[in-house]
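The values are calculated or read from the model by the stated rules, or taken from the named source; none is laboratory data. None of the values given here were measured: they were computed from a predicted structure. Cβ: placed from backbone, ideal geometry, glycine included. Neighbour counts: every protein chain shown. SASA here: full protein model, heavy atoms, side chains in, ligands and nucleic acids out. Shrake-Rupley method; radii C 1.70, N 1.55, O 1.52, S 1.80 Å.
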Amino acid sequence: QVQLVESGGGLVQPGGSLRLSCAASGNIFSLLGMGWYRQAPGKQRELVAAIGKDYNTNYIDSVKGRFTISRDNAKKTVYLQMNSLKPEDTAVYYCNTRWAGEDYWGQGTQVTVSS
């Protein structure tokens, strides 16, 4: 079983930056692909960025060049560096992984981009 705990959300002005962290429990982190999702009010949850166990990364088009996903296996933590934030990035951000056919989610962290 995997537990995920996010941190790092908050209120930021347009153009600002935030770094989200997701700490995982257990001893299999290096074997896990990890993803960051977000869900804005009234919208479906969407995958924003993902990083494989081989460190390959993928992003949705709207965040390419602004967001960077990374991982530190020694700390069992995945990060999402978000730069040049826009009001449309406002959402609850969730960390996710899948292991043995089960999805695991963190509790979510609110990111609000507003002046």
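Structural remarks
- The chain, relative contact order [Cα under 8 Å, separation at least 6], %: 37 percent
- Rolling a 1.4 Å probe over the protein heavy atoms gives the chain an accessible area of 54 Å² per residue.
- Within the straight-line cut-off of under 18 Å between alpha carbons, the aspartates and glutamates reachable from Lys64 are Glu46, Glu88, Asp89, sequence neighbours fewer than 8 places apart in one chain being disregarded.
- Reachable lysines, given that their alpha-carbon falls under 20 Å from the alpha-carbon of Lys75 and they are not under 8 places away in the same chain: Lys53
- Taking the Kirkwood radius as Rh and the Cα radius of gyration as Rg, region 1-60 has a ratio of Rg/Rh equal to 1.00.
- The chymotrypsin sites (Phe, Trp or Tyr not before Pro) found in region 1-100 that occupy coil by DSSP, while having at most 10 further C-beta atoms within 10 Å, are Tyr55.
- Share of carbon and sulfur in the accessible heavy-atom surface of the chain [1.4 Å probe, %]: 46 percent
- Per DSSP, loop trypsin sites (Lys or Arg not before Pro) in region 30-102 with at most 16 further Cβ within 10 Å: Lys43, Arg45, Lys53, Lys64, Arg66, Lys75
- In units of the compact-protein estimate 2.2 N^0.38 Å, the chain shows a Cα radius of gyration of 1.00.
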